[in-house]
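For reference, the structure discussed in these notes is given below.
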């Protein structure tokens, strides 16, 4: 164990700070620490200062600066919490909400207005009463949603008859806003739908990779609307109403315009990630019955041109509309049935006003987007998003991340993953500016864009943060305009998040965990609660869940425990059908009852700590989370079994490192008799096969060759036993 904060001296600070700190700065920090300890002791019964108060005072006084070395930040944080007992006290806290500022957050503001009436004398203030208000939102979702809908850019062509209709027993998630008719893309594009949106407000800010020293580009809301309407007219001239049309391209300005235009014109978006191999593209086109696909000739990443159109051609779609990655001319030759972007836009009648379009209004439960989420089967689940889905995700961004007009929101993602549509709708339905970097987010160019665009909310995935930290590519950049970070997709590493938070003077890193089928996250962080690194502080607004023991019984609310999560089924925005699977079987069959309702399956194993913080412990089934992408052991094993003639069978598992962070992919191998391979050689073979056939982002961490696999009496493979073996080995290594 290292030194406690009371034992840290001036010399320790100077050594840890290195060249990033002067003796004068070190002396100032030392004095701030001494002052913090004295104040904390004065407010504590006994002689030991409360570490939370010590850390809070150090941060509030601004002793630690973003440009100080990470070693210095580590020294102070870990020394403050050197003697902290998490089993008794819960996880150590690093960020504390301000009572004054809390009343001006989106959620705090409506709590101050409605809290006394809804909660009576139990209401105190947004911080003290947050948990009560969250529980109220679960118990009375109609009341909560009637309030929040007025805050979003949602205007109905025909108003709903009510907020929630529970009469249809075939819809456990509820029938929400029945009778409502609208076009959610139109709501994104009109200034009249939001009191703080204006025609000339900045809707999009972006920069091309390699143009890091040029000014950022901007598009006003009016200009965005005109571009979307021009594309909508071209869609009408090319396709039949209701057609499903795929997008397989990076999340650029053009991709956003195409996405909104498809929905505005009454078509259905099919989301395909630009990292997929041809086989995966073909599967999604087939399942969705897509009539065409928008794509690019190449993808620009880190100065390299990565072929994209060639993968689309290999997938053999009916028609491709191809955009050039740079300039106006394509760098490839098209097939006969395909169109260039220029040809597609020219299909609009020249006498028609191409920048005017009358939206297609549809019932609220109409499908607008087909997204895919890999489950435990080989084929990805095709999940239809309705017009309820954007309402759900934008409301969560409004409540938990405090997204509002004036914010600049960036999250390096893709329209093929759920975070792409979530980011888009959260920005436009809350009046915020969407920030896009056309290139790789791994290097300094992206970091400088965050600075120059004035980003106020930055979304990440933990592996991205780890790269920034290890390469030190952000040195000298100013990220202090960021008011909070968001992170999802995989388990966060505490030390990486300490580094990230320090870059913005210790703004909170708000965790979120959910699913494509929920249109949102069911557990999140909140600006109205103290935050601990790598944990979730609350269930999302209106989202209820229980943690189940091994017998399917629920633990008591707020009881420290570990178990599989079961979601309360009434959930605005949650799916009620799948295109290629039995929805009831996937999400409800075999789940226990709770208060007269059958729980909804999600598959996460949650740990609830003392104090009510939540940590995701992995998946209850054999689904893996690799780099924020859910996939199954079966998918990985199917590819690896065919990767080399020496392979008899494989077993794929994933394990999070003992100190936290992204899950590592481990392949167990049984070789055919007479073969003798080295694990390192098989690691390369498997990685190449997985990246070619499944996803180029997947990486094999290591390979273990074993004589046989553990199995049940019925010959089922016990991946759990293999997983436990690896966890034990990793734990032993970490102690050496």
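Each value in this text was obtained by applying a stated rule to the coordinates, not by laboratory testing. As the structure is a computational prediction, the values presented were derived from the model and not from experiment. When we count neighbours, we look across all protein chains shown, and the Cβ atoms used for this are built from the backbone with ideal geometry, even at glycine.
The table below lists the values:
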item	result
Dimensionless Rg ratio for segment 382-518, taking C-alpha atoms and the 2.2 N^0.38 Å reference	1.01
Sequence of 30, 446, 485 once ranked by neighbouring C-beta atoms within 10 Å, starting from the fewest	30, 446, 485
Shape category assigned to segment 622-735 from the gyration tensor of Cα positions, a/c cut at 1.5	rounded
Estimated translational D of the chain in µm²/s (Stokes, Kirkwood radius over Cα pairs; 25 °C; 0.890 mPa s)	90 µm²/s
Residue-span extension gain [residue 555 to residue 577] - 0.36 nm each, minus C-alpha spacing	5.0 nm
Ranked list, fewest to most other Cβ atoms within 10 Å of each Cβ, for 105, 542	105, 542
Computed over segment 622-735: relative contact order in percent, which uses C-alpha pairs under 8 Å that are six or more apart	25 percent
Cα gyration tensor shape of segment 366-455, rounded if a/c is under 1.5, else prolate or oblate by comparing a/b with b/c	oblate
For segment 651-674 versus segment 55-97, the gap between their alpha-carbon centres in whole angstrom	34 Å
Amide N of segment 69-90 lying under 13 Å from the label point, which is placed 7 angstrom from the Cα of residue 20 along Cα→Cβ	69-77
Length added when fully stretched, residue 361-residue 198, from 0.36 nm per residue minus Cα-Cα	56.4 nm
Anisotropy class of segment 251-317 from Cα gyration tensor, a/c 1.5 cut	oblate
Share of pairwise Cα separations in segment 198-319, more than 17 Å, in percent	61 percent
Cut-off 16 Å (backbone N to label point 7 Å along Cα→Cβ of residue 607), residues of segment 464-498	491-495
Residue exposure sequence - 702, 298 - by fewest surrounding Cβ within 10 Å	702, 298
Percent RCO, i.e. relative contact order, over the chain, from Cα pairs under 8 Å lying at least 6 residues apart	12 percent
FRET efficiency for residue 593 and residue 159, using Cβ-Cβ distance with R0 set to 35 Å, rounded to 0.05	0.50
P(r) histogram, all alpha-carbon pairs of segment 524-573 included - 5 Å bins from 0, percent	4, 18, 23, 24, 21, 9, 1, 0
Potential lengthening between residue 104 and residue 241 on full extension [0.36 nm per residue; Cα-Cα distance subtracted]	44.9 nm
Residue 692-residue 645 pseudo-label distance in nm [points 7 Å out on the Cα-to-Cβ vector]	1.6 nm
Stokes-Einstein diffusion coefficient of segment 181-605, Kirkwood radius over Cα pairs, 4 °C, 1.567 mPa s, in µm²/s	58 µm²/s
Spatial separation of Cα centroids for segment 529-569 and segment 424-479, in angstrom	31 Å
Ellipsoid semi-axes in whole angstrom, largest first, where each is sqrt(5λ) of the Cα gyration tensor of segment 5-84	22, 12, 11
For segment 1-143, alpha-carbon Rg relative to the globular expectation (2.2 N^0.38 Å, N residues)	1.34
Relative contact order computed over segment 397-502 (Cα-Cα under 8 Å; 6+ residues apart), in percent	27 percent
Mean ellipticity per residue at 222 nm, deg cm²/dmol - from DSSP H runs of n ≥ 4 across the chain, formula -39500 (n - 2.57)	-10000 deg cm²/dmol
Span from the segment 104-160 Cα centroid across to the segment 171-197 one, whole angstrom	18 Å
